[in-house]
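Notes follow once the structure below has been shown.
The values are calculated or read from the model by the stated rules, or taken from the named source; none is laboratory data. As the structure is a prediction and not an experimental result, all values here were calculated from the model. Counting neighbours? That spans all protein chains shown, and the Cβs are built from the backbone with ideal geometry, glycine included. All accessible areas refer to the heavy atoms of the entire protein, side chains included, with ligands and DNA or RNA removed. Shrake-Rupley method; radii C 1.70, N 1.55, O 1.52, S 1.80 Å.
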Amino acid sequence: MLRSVTPELLDSLPPDSPAAVHSRRDLVWFNRLLGTNRWWAQTLPRLQRENPTHRALEVGAGDGLLASRYHLNALDLCLPPRNWPATATWHQHDALAFPAWADYSLIVANLFLHHFSTEQLGHLGHIWDQSARTLVVCEPWRARLFQPGFALLCRLIRAHAVSRHDGHVSIAAGFRADELPLLLGLTRDRWQIDITHHPLGTYRMIAQRRQTSP
């Protein structure tokens, strides 16, 4: 199954449209049912304890739930949610042209990097290879067997048509094996890379720059 990146419907909807609101609610359910929330709860606090001086940024923060829960600053094209904490920074900016990557050494991405083409991932990876110390990523695992499983999950939670469409598109744009670090241009001589595949369909990567790397 070759990787295919196509536009998702949610990205073209006004944030306050009923379809967008319903679809974001579906995403909350997906994160819960696929075990994503548990993984973040096990992973992020540990990395924050191990690297207390790292400034952390979630890229593609969306509704801000993950960033606010773990006290991260956030980057997204949309405006911050109404309940965004005053103690955190929300950068409303395009990730591909964000000028302040050097300010953040811990980069977090949840179901976001699959939106990018090979060339765009290479661009982001080149920047992070110079500025970041730790990358923590959760994305769709690209495999045909997850397409019918996702359709069943959508029926279970009565997902909106936007969510049904975007979920199938996301799986087709996801990653497998060593694809993501290769697309980002991260090499194992500079980075310690840990990749796991959750059996319900998520691809998880923790990449930490080796101590001897500049």
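Just a few scattered comments:
- Placing a pseudo-label 7 Å from each Cα along the Cα-to-Cβ vector at Thr212 and Ala151 gives an inter-label distance of 5.1 nm.
- Here the label points at Asp16 and Ala41, each 7 Å from Cα along the C-beta direction, are separated by 3.3 nm in the simple model.
- The DSSP beta bridges internal to the chain are antiparallel in roughly 50% of cases.
- Cα shape, the range 1-130, gyration tensor, a/c 1.5 rule: rounded
- Distances between placed amide hydrogens fall under 5 Å for Glu58 paired with Asn73, Ala74, Leu75, Val108, all partners being 5 or more residues away or on another chain.
- Of all accessible heavy-atom area on the range 84-182, the percent that carbon and sulfur account for (1.4 Å): 59 percent
- Basic side chains Lys and Arg get +1 at the Cβ, acidic Asp and Glu get -1 at the Cβ, and with that the dipole of the range 83-174 about its Cα centre reaches some 540 debye.
- Quick note on the range 138-186: its Rg to Rh ratio, both from C-alpha atoms and Rh being the Kirkwood radius, is 1.08.
- Around Val169: net Lys/Arg minus Asp/Glu count, Cβ-Cβ under 15 Å: -1
- Distance between the pseudo-spin-label points of His126 and Leu2 (7 Å out from Cα toward the beta carbon): 2.5 nm.
- Backbone phi angles across the range 38-47, fed through the Karplus curve with coefficients 6.51, -1.76 and 1.60 (θ = phi - 60°), yield HN-Hα couplings of 5, 5, 4, 5, 7, 9, 5, x, 5, 5 Hz in residue order; Gly and Pro are listed as x.
- Percentage relative contact order, the range 1-139, counting C-alpha pairs under 8 Å, at least six apart: 21 percent
- If you take all other residues with their beta carbon under 15 Å from the beta carbon of Asp129, and give Lys and Arg +1 and Asp and Glu -1, the sum is +4.
- In the context of the full set of protein chains, residues of the chain present 51 Å² of accessible surface per residue (probe radius 1.4 Å, heavy atoms only).
- For Arg32, the shell of other residues with beta-carbons less than 12 Å away shows a net charge of +1, using +1 for Lys and Arg and -1 for Asp and Glu.
- If only the Cβ of Lys and Arg carry +1 and only the Cβ of Asp and Glu carry -1, the dipole of the chain around its Cα centre is close to 720 debye.
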